[in-house]
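First comes the structure, then the notes that go with it.
The values are calculated or read from the model by the stated rules, or taken from the named source; none is laboratory data. Bear in mind that the values here come from a model prediction, so they are computed numbers and not experimental data. When we count neighbours, we look across all protein chains shown, and the Cβ atoms used for this are built from the backbone with ideal geometry, even at glycine.
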Amino acid sequence: MQDYRDHDALALAALVREGAATPDELLAVARARAAEVEPHLNALVREVAPPSPTGPEPEGGRPFAGVPFLLKDLHQDLAGVPTSGGSRSMRDVPAAETATVVERWVEAGLVVFGKTSSPEFGAKGITEPHAFGATRNPWDLDRTPGGSSGGSAAAVAAGVVPMAAASDGGGSIRIPASACGLFGLKPSRGLVPYGPAGGEPLGGTATDGVVSRSVRDTAAALEVLAGPTGTSVYLPGGLPAAGLVERLAHEPDRLRVGVTWHSAITPDPHPEAKAAVERAAALLSDLGHEVVEVPVPFDDARLARDFLTTWFVHCAVSLEQAREASGAGEDAFEPDTRVMAALGRATSATDYVRAVESRHEHVRRLADFHADHDLLLTPTTATPPPRIGAFDLPAPVRLLQKAVLTARAGSALRFTPLVEQMISENLGWVPYTQLANLTGRPAMSVPLHWTPDGLPMGVQLVGRLGADEVMLRLAAQLERAAPWWDRTPPL
């Protein structure tokens, strides 16, 4: 197991190419590690029979040939296998076809053997679905690994796989990467295709990617995933050229980085969030980059309202689609999900369109910032990973929730404490990550800080549209200067 853990995904693939290990041997180790840690973590929701590549082997071989891999159980469909989305309603409904990104991972040689837990419909920054129970953080089993890619991040941090599938619609790659001491990149909008069943999830704000222990694994995964299909709605610019992994060794040019930890949503972030940013800023300065403190370069309170408006409508659509696919009744869904869906149904078409159209104002504000700064540096999260159950509703609020749902008074929800509670639950500890989704900009969480209690807390960097390679090269520079590879959780 230690030998396995000492290799990242690309290194394991090299062992297979050299004949020093076989895919079966690697898969046996991954499954044995999963069996060892699953009683503690609860990260995996389903085992699958590994699918085989169907296309011809590309010139140069499959970059991840023989490497064990896990899919996220949300949108990452494998034909014939259920994708539950963390919901009881969909846990036994098989997918009709394989998602484009899953096809690309399989063709790259990754050996898919399971699916990881997600909150219901990916709607929270924690991973505690009623359908499967809470997933726990290997750094502290009393705490969350974040969400919505919490199962994948917990499995990677615990050494089950060196890299796992993830997705990000409001921070769902970066939040669990931060909580589990991993690297996570949300690529620029349009770089990674969706489909074939859907076109633009969450109106284009969501994308797929990975959480990994090494920057080069994420870079290689981006090379595998990037590029349009015949059903793509955009022809993305800035596609990574071949050899991206090799170019990580090239130091980035001197960058100007604006830093802030302020947020209207969470005016007083945890001292360790500030400490994480200060440490990253000092490291960037030591590496020769210019770091300057800046005010928040956008209206983050308005952005939060816009984000939640579209999120609640999306939740309503997801619930209805699940009902149509499964025949499930309302009681098959979690109360929080039903409340979010009710808020979505109570949102007028005018309010929804206004929230979508206002994204352009956030883009303009961020573009003004990027005219003078290459990157924005913030905490990834406002607090260390919360404890399991920290966002469970108090009993009086649960009673109110039940009464409103029973009365089907969705429009009345706007005037109850329930909405404020749900805003706090959804964004209170993660107020920084939605910016990149609504503006389509690339953003990454880099594991540079651990609290005195041994909990990881990443820092987020947000770049210009198409700056994915620049950011990966900076991440590799930070990885060399402040390595995190040898940091492993106690589990």
Query - From 324, 334, 330, residue being over 30 Å from residue 256 (Cα atoms) and touching a His at 6+ places or on another chain (Cβ under 7 Å) - result: 334
Report task. Mind listing just one residue for me: the one in the stretch 168-225 that is more than 15 Å from the chain's Cα centre (by Cα), at pLDDT 95 or above and charged (D, E, K, R) and, of those, surrounded by the fewest Cβ atoms within 10 Å (Cβ to Cβ)? Result -> 223
Query raised in the report: Given the conditions (1) among the hydrophobic types (A, V, I, L, M, F, W, C); (2) surrounded by 13 or more Cβ atoms within 10 Å (Cβ to Cβ); (3) in a loop (DSSP other than H, G, I, E, B), and given that residue 49 satisfies all but one, which numbered condition is not satisfied?
Result: (2)
Report summary line: Of 219, 241, the only residue that is of a type outside the set (S, T, N, Q) and either over 21 Å from residue 173 (Cβ atoms) or in a loop (DSSP other than H, G, I, E, B) (or both) is 241
Query raised in the report: Restricting attention to the stretch 25-41, does a residue exist that is over 23 Å from the mean Cα position of the chain (by Cα), part of a loop (DSSP other than H, G, I, E, B), surrounded by fewer than 16 Cβ atoms within 10 Å (Cβ to Cβ) and at negative phi?
Result: no
Report task. Give the number of residues within the stretch 84-95 that are surrounded by 24 or more Cβ atoms within 10 Å (Cβ to Cβ) and either among the hydrophobic types (A, V, I, L, M, F, W, C) or over 18 Å from residue 330 (Cβ atoms) (or both). Result -> 1
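For residues in the stretch 265-288 being without any contact (Cβ under 8 Å) to a residue 60 or more places away in the chain and assigned to a loop (DSSP other than H, G, I, E, B), which is farthest from residue 368 (Cα to Cα)? Even if it seems obvious, please write down each step before you answer.
Applying the first criterion (without any contact (Cβ under 8 Å) to a residue 60 or more places away in the chain) to the stretch 265-288 yields 267-268, 271, 278, 282, 285, 288.
Within this subset, residues satisfying the condition of being assigned to a loop (DSSP other than H, G, I, E, B) are 267-268, 288.
Working: 267: 23, 268: 26, 288: 24 Å.
Restricting to residues being without any contact (Cβ under 8 Å) to a residue 60 or more places away in the chain and assigned to a loop (DSSP other than H, G, I, E, B), the top hit is 268.
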Query raised in the report: Going through the stretch 338-387 one residue at a time, which ones are modelled with pLDDT of 95 or more, closer than 30 Å to residue 139 by Cβ and crowded, with 16+ Cβ neighbours inside 10 Å?
Result: 375, 376, 377, 378, 379, 380, 381, 382, 383, 384, 385, 386
Report summary line: Log entry, pairs with first residue in the stretch 211-232 being within 22 Å of residue 190 (Cβ to Cβ), second being at pLDDT 95 or above and basic (Lys, Arg), beta carbons closer than 8 Å, six or more apart or on different chains, reads 224/104; 225/104
Query raised in the report: Quick check: is even one residue across the stretch 392-410 within 20 Å of residue 274 (Cβ to Cβ) and either in a helix (DSSP H, G or I) or at pLDDT 95 or above (or both)?
Result: no
Requested in this report: Of all residues in the stretch 316-369, count the ones that are in a loop (DSSP other than H, G, I, E, B), under 29 Å from residue 398 (Cα atoms) and touching a residue at least 12 places away in the same chain (Cβ under 8 Å).
Outcome: 5
